[in-house]
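Heads up, the thing below is written out as structure tokens.
A short reminder: the numbers here are calculations on the coordinates, not readings from a lab. All values reported here derive from a predicted model rather than from experimental measurement. Heads up, the Cβs are rebuilt from the backbone with ideal geometry, glycines too, and the neighbour counts pull from every protein chain shown.
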Amino acid sequence: MKYDVDERGYYGEFGGAYIPEMMYPNVKQLEDNYLKILTDQKFIDEFNSLLKNYVGRPSPLYFASRLSLFYKTKILLKREDLNHTGAHKINNTVGQILIAKRLGKSRIIAETGAGQHGVATATVCALMGMKCVVYMGQTDIERQSPNVLRMKMLGAEVIPVISGNKTLKDATNEAIRDWISNPADTHYIIGSVVGPHPYPDLVARLQSVISEEMLYQVKEVSDKINPDYIVACVGGGSNAIGSFYHYLNNEQVKLIAVEAAGKGTESGETAATLVKGRPGVIHGSMTMLMQTEDGQIIEPYSISAGLDYPGIGPIHSYLHKIKRVIFDNVTDDEALEAALRLTRLEGIVPALESAHALAWLGKHKFNNDDVVVVTISGRGDKDMDTYIKYMESPPNPLKGAKWTTHM
Amino acid sequence: MNRIDKLFKEKKTNILSVYFTAGYPNLDSTTVIIKALENAGADMIEIGMPFSDPMADGPVIQHSNEQALKNGMSLKLLFSQLSGIRKEVKIPLLLMGYLNPVIQFGIANFCAECSSVGIDGVILPDLPPQNFVEEYFSIFDKYDLYNILLISPQSSAERIYTIDKISRGFIYMVSSSSVTGTKNDFSEEQVAYFKRVQNMNLDNPCLIGFGISNRETYNKAGKYARGAIIGSAFVKSLGKDDKVIENIGRFIRNIKS
């Protein structure tokens, strides 16, 4: 595939492995083995069996008829929210823990922002009987206490990170420091298509099951073989690349990645990396990065903790540069309104991250017969505090749609 | 001749290199600390370029980086502080930090500035040796600027020979699997690693860094390498008070005597 990572670990000018020598042996071991493991039939069987029987895959591709009427097009929802633990994150952690076992590792570390990746990691560690340490910024621990309790119940040790701004970026730094200090027995399960090569490629391949299922699902639930659009939200970008992966070479399918604009791309409080960033190195990868003129990394902002990252996966920087994927962004308010709209029209409460993909539907003019796949990357349970606050004075999410009540 | 080569030619044992973060504890501490270190008997100085996300550093140097940035330190300012330093300071000076600020400054620009203020070497732990050779070597070479590479206890013999081949000046031998500033003594395992590297007959001399905090570890490092690098312990000693020069003198005397 022409969008594959090259043998040096780059997507065009982006990617690579900008890591200190202390990390080199571990990253090299992973690089030397990941493709062998991923193509080993025993691994494939075990991975597929867990995805089916444990995660609950395939996730449905659901024709959202009332949402389709609202937007005057055909909308199919890829229901990653129905996975075990409530998001696409588990696809990656199931795969990586099987790899960790094959590499002879006995201890797992992970970073987490909102806690979804931390929960997905703690879950597979409980399943496999592995020691699990999750790094989480002190600020996020305070914001996401149910997920912290869940991780602890699953047997994980949750270590509060008090450096920097005490959020996802700092938790990632601390996980890297742990790996430097524990090179022999530890595998680091990164939660997105970020970090040094081979992580972006590894995580993309593990998440590619999302679009692999769409290949046969789209024709089952619509009258077309290929969708006209696939829309996904992007922070680091793992659910987005998973949703695009098997359509990258099919140029007729328009691929849309939606970043979090926060309070607006020019507000100073945003996470729209591709609008505000320029190439730089973060967490071992050359990619688009929000940074000061002096190259210090800027703390991003989004209402959604899962999109709150100052970088973006290097493959997305590349797909943006060559224009294979269209990148756009929506604000906190647009995402909240879209979340409420989906809830009222379809009875599905999406994660705030996924609400960003949904909000993009309102920013584009579709044809009536367009088939638009939107990935619902996760469910909204973790965001109830934010939604409850929003519900105190919500706008009318169905404005202009007189038909809705009697449908 | 590069001052680093000159130092290793003239001094055979117990070379002491000291790291501190530019702009810490105060924005204008940089040149004061450099001069005090030379006067106190340091053989070489690594000037830290502060970064927002120092992923190979422990809490002490993380804190100094954060404070230095809050104080307003930047590469541009650092070079202007260092202009004229060669009128007074003779020992080798290196810049140490992370790759991103250097890339944003522009590699060619950075090397030219280093050369013009009299910097002899650079340590960028997150710049992989292969990228250095392929992308940056020629520009470093043009300015006779040395890029110091790291080895760690996990580095294979093959890897160490590769790194030796592309190194100039010296090799930064990370003493243990850790971030900066965590250990107080060497384990048998570490000593075995020091001996293993010592017996490899590398072309470049080695200095041992990470976890050198006192006279004992400094002297022990001197047995297996040409000297040692002290970072966190020194940064910690800088403290808050205004007796920086006296404190530095005392710190170095405690290590070297």
>> Can you pull out the trypsin sites (Lys or Arg not before Pro) in the range A:64-137 whose DSSP state is coil and whose Cβ has at most 13 other Cβ atoms within 10 Å?
In response: A:Lys72
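Which loop-located trypsin sites (Lys or Arg not before Pro) does the range B:9-105 contain, where loop means any DSSP state but H, G, I, E or B and the Cβ has at most 14 other Cβ atoms within 10 Å?
Listed in order of number, the matching sites are B:Lys11, B:Lys12, B:Lys90.
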>> As a test of the definition: which semi-axes, in Å, follow for the protein assembly as shown when you take the square root of five times each eigenvalue of its alpha carbon gyration tensor? Largest first, please.
In response: 49, 25, 22
>> Order these by the 10 Å Cβ neighbour count, fewest first: B:Arg250, A:Arg379.
In response: B:Arg250, A:Arg379
> Given +1 on the Cβ of Lys and Arg, -1 on the Cβ of Asp and Glu, and no further charges, what dipole in debye does the range B:3-256 carry about its Cα centre, rounded to the nearest 20?
Replying inline: 820
> If you count the DSSP beta bridges with both ends in the protein assembly as shown, what percent of them are antiparallel, to the nearest 5?
Replying inline: 20
>> Quick check: net charge around B:Glu46, other residues with Cβ under 15 Å of its Cβ, Lys/Arg +1 and Asp/Glu -1?
In response: -3
>> Please report the spacing between the Cα centers of the range B:20-87 and the range A:42-70 in Å, no decimals.
In response: 53
>> So if the hydrodynamic radius of the range A:188-296 is defined as the Kirkwood radius over C-alpha pairs, what does Stokes-Einstein give as its diffusion coefficient at 37 °C and 0.692 mPa s, in µm² per second?
In response: 213
> Amide H of B:Asn147: which non-local residues (sequence gap of 5 or more, or other chain) have their own amide H closer than 5 Å, using H built in the peptide plane?
Replying inline: B:Val122, B:Arg168
> By residue number, which cysteines of chain A lack any other Cys whose Cβ falls under 4.7 Å from their Cβ?
Replying inline: A:Cys233
> Put +1 on the Cβ of each Lys and Arg and -1 on the Cβ of each Asp and Glu in the range B:3-256; which of B:Thr31, B:Ser155, B:Leu16 then has its Cα farthest toward the positive end of the dipole?
Replying inline: B:Leu16
> Nearest 20 debye, what's the magnitude of the dipole of the protein assembly as shown about its Cα centre given +1 on Lys and Arg Cβ and -1 on Asp and Glu Cβ?
Replying inline: 640
> Amide H of A:Gln291: which non-local residues (sequence gap of 5 or more, or other chain) have their own amide H closer than 5 Å, using H built in the peptide plane?
Replying inline: A:Arg278, A:Ile298
>> Above 22 Å lies some portion of the pair distances; for the range A:72-203, what is it as a whole percent of all C-alpha pairs?
In response: 33
> How about the range B:194-247: which trypsin sites (Lys or Arg not before Pro) there are in a DSSP loop, with at most 16 other Cβ atoms within 10 Å of their Cβ?
Replying inline: B:Lys240, B:Lys243
> Taking a 27 Å limit on the Cα-Cα distance, which of the listed pairs B:Lys165/B:Lys223; A:Lys28/A:Lys52; A:Lys52/A:Lys365; B:Lys9/B:Lys142; B:Lys6/B:Lys256 fall beyond it?
Replying inline: A:Lys28/A:Lys52; A:Lys52/A:Lys365
>> As a quick test, which of the pairs A:Lys321/A:Lys363; B:Lys183/B:Lys220; A:Lys169/B:Lys35 have an alpha carbon distance above 25 angstrom in this structure?
In response: A:Lys169/B:Lys35
> How much space per residue, in cubic angstrom, does the convex hull of the C-alpha atoms of the range B:3-256 take up?
Replying inline: 112
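What pairs from A:Lys89/A:Lys152; A:Lys2/A:Lys254; A:Lys42/A:Lys105; A:Lys78/A:Lys323 go past 27 Å between their alpha carbons?
Beyond 27 Å: nothing from the list.
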